[in-house]
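One structure is given below, encoded as structure tokens.
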Amino acid sequence: ASLRIDQRKVAPALINKFVQKEEAVILKQKQIPSLTRVERRKLKNKVRAHLLAKAVPVAAMYDICWNLAESSLRVRSRRHHYVPLHPPFLHEDTMNYLDDIGDYGFVGQEFLTWLWFKSEQRGGAVTLAEAGDIAITFEKHMVLEYGVDDYHERVICSGLNTQLNEARTALRHGKKLEQARIKLSQFNTEYIFTFAARTFGFKNIVLPRSTQPETLMGPDGTGTEGQELNDRIEAIETVVRLFYELFSLFCTVRTSAGWDEELRAIRRWVHGAAERV
């Protein structure tokens, strides 16, 4: 089956252009040097709503597979693989913690920061109760942000793991880690993906070579499309389960008596990393 989602989108550059135009008119009318931050935010929201109302919806198509026996829903798109937070991957204690917090974005940012901290301890090695030993590496790309409501500042950092000094400095100055490119390694198998903290979303997943289309072909150059899809789905589910087991570990640590000590270690890591810039 297929799922169609229509979205109205307006480019940020276009919004800013109209905001500047409207702002100039208001400043001229009121004879004031500038708008306050609150006034400008209200103006931006008004302009965005006006432009969205005129925008033509853009359709996105997703292939879906509903397994009634397992009570599971699998979603796949041609551009990205997106796997939402799925309760069966998480322990009951973890779900209770999330229900108590009620703010998935805040928890996701804390989790991603903690995971970055863990990736620089013991060579990134972490032992999970069910999956065993895995290695975590933060790669090339990070997005940090600061702000409330619709006002946000973003810092995009690129570079090798040892060169992300700008991201570490931004973290020390109060910006929150919103998105990162992560590599999970286990048994000589690597999974690479981008994780967004606010939505708990996965995208741009790079699967092990054994699940790539060219490696699933037979000697005669033919292959089974259904088997290829099943192998890729299984690989995606594996990386999601590994990641959510890491998240369950974080929730256990976060709600334990030892969190204060863990938090002090994270703060020492943040300030120590920034001092090496």
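Observations on the model:
- Segment 136-190, subset assigned to a helix (DSSP H, G or I) and basic (Lys, Arg), residue modelled with the lowest pLDDT: 168
- Top-ranked residue in segment 9-42 [being among the β-branched types (Val, Ile, Thr) and not in a helix (DSSP H, G or I); ranked as surrounded by the most Cβ atoms within 10 Å (Cβ to Cβ)]: 10
The values are calculated or read from the model by the stated rules, or taken from the named source; none is laboratory data. Source: prediction; values computed, not measured. Neighbour counts run over all protein chains shown; Cβ positions are idealised from the backbone, glycine included.
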